[in-house]
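Scroll down for the structure; my scribbles are underneath it.
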Amino acid sequence: MGKYIINGGKKLYGTVDIQGSKNSAVAILIATLVTDGDTVISNLPDITDVDNCLKILSYYGCAVKRESRVCVKINTDNIRNRTLPCNLIKKIRASNYLIGALLSRFGACELPESGGCNFGSRPVDLHIGAMTALGASVKGGGKFLECRSGLIANNIVFPFKTVGGTVNAIIAAVKARGTTVIENAAREPHIKDLSLFLNSCGAEIYGAGSDRIVIYGKNKLTGSLHTIDYDMIEAGTYMIYGLVTDGKIYCRNAPIGEMQSFFSSLKNYGANITVCNDSVKTEGRHMRGCDVKTAAFPGFPTDLQPLITVLAGISEGHSNITEKIFSNRFGYVRELEKAGLRYNIDGDTLKVSGVTGYSPSIMEATDLRGGAALIGAALNARGRSEILNAEYIQRGYSEIVRKLAGLGADIEFQP
Ligand code: EPU
């Protein structure tokens, strides 16, 4: 496992180019399995989760040609169903999307034991419920789903919001016979991006981005050209890096419309946020603690919860950070404690008392966004810090060393 070495305490200044969205990319790449012919996807983030998705597509027989680090051409003409590639699927959460894709394409799939970050229990009961609503049956003591005569459209009502469940339901329903209605659908930007992609392939999906999605099933989808939307979580991460170093950062191509609840919270902390053309500028002076509660989109994103904690840790006064999406997403705070974070955990709320700054330390990333938060603390701390397990961070942040160095950080990667 590699590590980042950071000599912190330097103010970050300048412009950073925001990558394509990780969560759009992984959903869209797996969704190519229900299309025929050639698809070209551009603005792909250059991250290991994308590499692993592409390996999964190759395993199923897709011809995958990287035109560049951010553009790939995929041909699905020779795909075939195979046993799951266990080593690959354990690396990414998005391997769950194979359920919808393989059921739609082949009428059968094994249930993957997908990977991704460990935030306590991450069941797939709602994904399976959506598939059974579309006519699939659970077989082999819960190991397989089958629908040999093809999926049939139906109403799918999620009891609560699930991003992955909504993605899977869309992928399965685009070629199901008839009209599917998904109620209480997740509204995250990547649901919209996935639907845009599938519609460009000939699907008919209406209402993506709202609570109710209507899908008219089609017999066949062709390949298409699609440009991935920009990544609001990466943009939010760099905005926090600017604030914790008392710098001034422009995030070029940040998806501003999608980030309003995050902007409001940052403003409550005292950040000055200005939208200028295609960039958002973030500056902070005197940051003061306040409360944040995560929620499904358009609420405050759970993926930025660890990042806002880093800011809370050096803001004057107290902040309550409440996590409403995952049962255990505070694993990273034990590592931040090494850098001086003062906190206690009360149920789903992290109570943070601000200190004047972090201390250099050796911290171990235990998940993707938690790892990005540790980088924030190291950028603030005056002196040499090490962030171990860099591989977690490489799952979702492209070229983080080059981007941070471009903003004036002293950072290197050691394999
Ligand atoms: N849940 C169930 N049953 C299910 C599905 C979900 O109980 O069948 C629960 C989960 O345990 C969780 C809640 O529902 O408590 C919401 O989970 P959701 O399904 O919305 O999350 P996900 O699809 O597993 C995606 C992102 C995550 C992001 C969450 C929430 C991808 C590949 N992953 O996960 O992204 O945190 O939505 O926005 O899109 C990240 O990028 O770092 C990341 C973890």
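The values are calculated or read from the model by the stated rules, or taken from the named source; none is laboratory data. If you're wondering where the values come from, they're calculated on a predicted model, not measured in any experiment. Neighbour counts are summed over all protein chains in view; Cβ atoms, including those assigned to glycine, are modelled from backbone coordinates with ideal geometry. Just the protein is used for accessible areas: all its heavy atoms, side chains included, with ligands, DNA and RNA removed. Shrake-Rupley method; radii C 1.70, N 1.55, O 1.52, S 1.80 Å.
At a glance:
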{"quantity": "For segment 368-415 versus segment 281-337, the gap between their alpha-carbon centres in whole angstrom", "calculated": "18"}
{"quantity": "Alpha carbon centroid spacing (whole Å) that separates segment 1-56 from segment 62-129", "calculated": "16"}
{"quantity": "In segment 212-363, lysine pairs with alpha-carbon atoms under 19 angstrom apart (chain gap of 8 or more, or interchain)", "calculated": "8"}
{"quantity": "Calculated FRET value between LYS220 and SER58, using beta carbons and R₀ = 30 Å, to 0.05", "calculated": "0.85"}
{"quantity": "Residue-averaged 222 nm ellipticity for the chain, from DSSP H runs of 4+ at -39500 (n - 2.57), nearest 500", "calculated": "-9000 deg cm²/dmol"}
{"quantity": "Protection-proxy order for peptides 344-355, 398-409, each taking the mean of Cβ atoms within 10 Å per residue, highest first", "calculated": "398-409, 344-355"}
{"quantity": "Tail beyond 21 Å, pair distance distribution of segment 58-151 (Cα, percent)", "calculated": "39"}
{"quantity": "Lys pairs, segment 1-56 - Cα-Cα below 25 angstrom, 8 or more residues apart or on other chains", "calculated": "4"}
{"quantity": "Relative contact order (%) - criterion: Cα under 8 Å, at least six apart; region: the chain", "calculated": "22"}
{"quantity": "Surface share of carbon and sulfur [accessible, 1.4 angstrom probe, percent] for segment 322-415", "calculated": "45"}
{"quantity": "Radius of gyration and maximum dimension Dmax of segment 5-136, Cα, Å", "calculated": "17.0, 57"}
{"quantity": "Peptides 111-124, 280-293 ordered by average Cβ neighbours within 10 Å, highest first", "calculated": "280-293, 111-124"}
{"quantity": "LYS267 paired with ASP410, simple spin-label distance in nm, labels 7 Å along Cα-to-beta-carbon", "calculated": "3.7"}
{"quantity": "Accessible area in square angstrom per residue, the chain, 1.4 angstrom probe", "calculated": "38"}
{"quantity": "Stokes-Einstein translational diffusion, the chain - Kirkwood Rh over all Cα pairs, 1.002 mPa s, 20 °C, in µm²/s", "calculated": "99"}
